[in-house]
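As structure tokens, the structure follows; a few thoughts come after it.
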Amino acid sequence: MSQSTPPKPDGAPLLGHALEFSRDPFGALQRWAERGDIVHLEFPGETFYLVSNPEIVEEVLHDGDGRFTIAAQQQRAFAGIEDHAVTTTAGNRWQQLRRALQPAFTRDTIDRYADAIVEQTIRRIDMWDDGEEIDLHREMRLLTLDVLTETLLSVDIRGDEDVVLNATDALIDRSDPRRPGQLVPGWVPTLTDRRFRRAVTELDDYIDRCLEARRDADRESADRDGKETEAENRDRNRTDACSVLLEAHDRGELTLEEVRHNLVALLLAGSDTSALGLTYGWYLLSEHPDVRRSLVAEHDEHVGDGRPDIESLERLETHQNVVAETLRLYPPAWNTMRKATEPVTLGGYQLPAGAELLLPQWVLHRDERFWDSPTAFQPSRWNHEKERPQYAYFPFSGGPRHCIGMHFARLELHLALATMVDRVALEVSLEEPLTFAPTIALRPEPEITATVRRH
């Protein structure tokens, strides 16, 4: 028999649960989750339902009846920058965009990028001097941006890196629910909003230059061949995301704005999330030097003096475990959201149409019901994985809307880590405890610096 509403923790007058969340966002989520599988939360002007049962998470993400769609907050977060991207659309349009992008994300296509990932990682390492202190997060962002633009987008980012980084930062800052501007009506301009609009304008200009450069290159190649049209030349030679999107545009399936917004989505999400994974990976390895030494030994045994590749990755089990454990403890995409399109019953509770659901990876990845010593960094736990629900661990979301770049991200994390541990140790230092901003990505609040030690 269904109950009327889920339990609701005590909150502050007027502010509801926002005050506790602002003081300790991730701790608050874990405390609230202890109240039940679904918990009712009130924020100024918004109601959320926190879901911490893996079976219910699976039911929501794998819904095939149209009962759930992307959350309104997700659409607001990306408004003005990815309105027509696969990240924010729904229904038939989302399916069309997903199909248009899929050829760029097949396993065979992604695996061909292995050498480029390794080469770009070595190039980044070669920029560091022994003993140099680096901004770890920024360096990992530059690395993943170089990898992404060479492989998935096949564009030249050199000299324009800050255009993408600034746009990502502006988007992240605007999505922070704790900023004062969140309580201001949308029509009131704030410093954060003005900065966001400037960054989006610069990014759109950069994307337009990239698209025009790609068109010029395709025309020149077609002219040299003499027999092919621009589209035929691109179709024959390339399966990168930029090419498949332009190809879909040439067929009349996508507008130019949809091409632009999906390239933006890939640039921002594809570079930032992987960079966070590498940043937190090195933070954990610095805290556990014995694990780092085991990675070096494993690399020596299975790769030797060569470079890691698709074949050797299969033998680098400790590397795979470190990546998996890093994504468990510090999932870059730390919270998935959905909205009910109709009244639904979940976990025995009746929820109204429009109910906004929080499905936080952060909570489930650290739930002691499913993980022994859940806050401990234990890569070896993945050698003898105990039986647990599938959605006790879902760093790339799940269901039909799972991250389209999941295989690319995993390949990049594994190869970049294997390449780096063979050449350097990055000794991380923090001037204050590691805390996080509850934005659309799990950003570290303190600056994370690292000292480069070459082998």
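The values are calculated or read from the model by the stated rules, or taken from the named source; none is laboratory data. It should be emphasised that the depicted structure is a prediction, and the values quoted were computed from it without experimental measurement. In this analysis, Cβ positions are derived from the backbone assuming ideal geometry, glycine residues included, and neighbour counts consider all displayed protein chains. What goes into the accessible areas is simple: the full protein's heavy atoms, side chains included, and nothing from ligands, DNA or RNA. Shrake-Rupley method; radii C 1.70, N 1.55, O 1.52, S 1.80 Å.
Return the carbon/sulfur percentage of the accessible area of the chain, one whole number, probe 1.4 Å, all protein chains in place. Mind dumping the intermediate values first?
On the way: 9340 of 20160 Å².
Heavy-atom surface of the chain belonging to carbon and sulfur, 1.4 Å probe: 46 percent.
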Handout entry: Net charge contributed by nearby residues that have their C-beta within less than 12 Å of M337 (K/R +1, D/E -1)
Key = +2
Completion exercise
For the range 295-423, inverting the pair-averaged 1/r of distinct alpha-carbon atoms gives a Kirkwood value in Å of 16.8 Å
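Taking the Cβ-Cβ separation of R179 and K8 as r and a Förster radius of 30 Å, what is the calculated FRET efficiency to the nearest 0.05?
On the way: r = 25 Å, r/R0 = 0.84.
Efficiency at R0 = 30 Å is approximately 0.75.
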Exercise for the section: Convert 37 °C to kelvin, take the viscosity as 0.692 mPa s, use the Kirkwood radius over C-alpha pairs of the chain as Rh, and evaluate the Stokes-Einstein diffusion coefficient in µm²/s, rounded to a whole number. Expected result: 141 µm²/s
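May I ask you to order 83-91, 269-277 by the average number of other C-beta atoms within 10 Å around their residues, highest value first?
Numbers: 83-91: 19.0, 269-277: 25.8.
Ranking the peptides 83-91, 269-277 by packing returns 269-277, 83-91.
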Fill in the blank from the handout: Per DSSP, the loop-located GluC sites (Glu not before Pro) within the range 14-71 having at most 16 other beta carbons within 10 Å are E34
Completion exercise
Between the modelled labels at D156 and E287 (7 Å from Cα along Cα→Cβ) the distance in nm is 4.2 nm
Exercise for the section: Filter the GluC sites (Glu not before Pro) in the range 265-361 down to the DSSP loop ones having no more than 16 other Cβ atoms within 10 Å, then list what survives. Expected result: E314
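Show me the ranking of peptides 108-121, 210-223 by mean Cβ neighbours inside 10 Å, starting with the highest. Before the final figure, lay out each step's value.
Working: 108-121: 18.2, 210-223: 15.0.
My ranking of the peptides, most packed first, is 108-121, 210-223.
Send over a whole-number figure in Å² for the accessible area per residue of the chain, probe 1.4 Å. Kindly include the intermediate steps, with their values, before the conclusion.
On the way: 20160 Å² over 455 residues.
Ligands and nucleic acids excluded, the result is 44 Å² per residue.
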Practice task
Order these peptides, 394-406, 127-139, by their mean beta-carbon neighbour count within 10 angstrom, highest first.
Solution key: 394-406, 127-139
